[in-house]
């Protein structure tokens, strides 16, 4: 409960019902599934606590802009599946909390911006706080860049132990994939990675893979990893390389679905699509159309939680670092069920 106004917030309602702010948001916006009994309980609690988002807005407006910034370091001119679904979640979160959203594309990698431009963007007085979506990051340079602004910045779909972030639990997700393959009797596993040391989640996924390999005591050497890019052609090249080894892998994990789709082409060409399991990451529509097994990322929920966590960060002067990891779901399709 806000001590200055004694008015309830979405976080107070969630705490009272013992659910997540995201679930309260789904009831408020009418978007997304909520079990009937839980929905009724949330609605009754909202009425009992006299929680109305418009009241929150009136109280916050005295000192704040009620605007969040979504800053993109997005090198593309189009909106893809990844960005579209995160944006839907962010807009849901803003609707639930009565915040406006200002979207700005910085157009390049964060570490390529000049110090003057960085200062200008991250001290923007038009917004109370910033959601930063920057898939291409130099991780070693990220903390020094963001450290002066970390009390108003939330990383979205990226992880850095020194900064606030909301992301999928990439490490545990990859662990689930390796565990499944081991349970099916596969122990020599090849890994097709994205741009390691450039793309944040490429690093995180490979780290999860190495931890799982060690945990299950699986055979491993550097030749079982393809260092590629997050695209179809790299998947084809990587699968050709791995399957051409003198002692090739008996199962493949691709760091995203585009890589997996490329690898699938090579498996089919070699008539191995029913012998070597293949699992990607993301659950891109491409995966569903091609029957690719995948590790699903909850992009919309990441977007919603990023808004709630950023507001929580802004409301506290001594908030500890926020590291919010959301579970991933292993979805089995044709490439792992045989």
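What follows is calculated from the coordinates using simple rules that are stated; it is not laboratory data. Worth saying up front: this structure is predicted, and the values here are computed from it rather than measured. Backbone-built Cβ (ideal geometry, glycine too); neighbour counts: all protein chains shown.
Here are the numbers for this structure:
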{"quantity": "Ranked by how many other beta carbons lie within 10 Å on average, peptides 92-100, 312-320, 124-132 from highest", "calculated": "92-100, 124-132, 312-320"}
{"quantity": "Separation between Cα centres of region 278-338 and region 170-245, rounded to whole Å", "calculated": "18"}
{"quantity": "Kirkwood Rh in Å, taken over all unlike Cα pairs in region 87-207", "calculated": "16.5"}
{"quantity": "Expected-Rg normalisation [2.2 N^0.38 Å, Cα atoms] applied to region 241-330", "calculated": "1.54"}
{"quantity": "In degrees, nearest ten, helix 170-183 long axis to first principal axis of the chain (Cα)", "calculated": "40"}
{"quantity": "Ranked packing of 43-50, 142-149, 230-237, 20-27, most packed first, by mean Cβ within 10 Å", "calculated": "20-27, 230-237, 142-149, 43-50"}
{"quantity": "Gyration tensor (Cα) of region 170-297, equivalent ellipsoid semi-axes in angstrom", "calculated": "18, 17, 14"}
{"quantity": "Potential extension, residue 274-residue 35 segment - 0.36 nm per residue separation minus Cα distance", "calculated": "82.2 nm"}
{"quantity": "The chain, relative contact order in percent, only Cα pairs under 8 angstrom and at least six apart counted", "calculated": "17"}
{"quantity": "Mean Cβ neighbour count within 10 Å, used as a protection proxy, ranking 278-288, 158-168, 243-253 highest first", "calculated": "278-288, 158-168, 243-253"}
{"quantity": "Of every Cα-Cα pair in the chain, the percent that sits beyond 26 Å", "calculated": "52"}
{"quantity": "Crossing angle, helix 200-215 versus the chain [Cα axis fit, 0-90 degrees, rounded to tens]", "calculated": "60"}
{"quantity": "C-alpha long axis of helix 36-49 to longest principal axis of the chain, angle in °", "calculated": "30"}
{"quantity": "Per-residue [θ]222 nm for the chain (sum of -39500 (n - 2.57) over DSSP H runs n ≥ 4, rounded to 500)", "calculated": "-13500 deg cm²/dmol"}
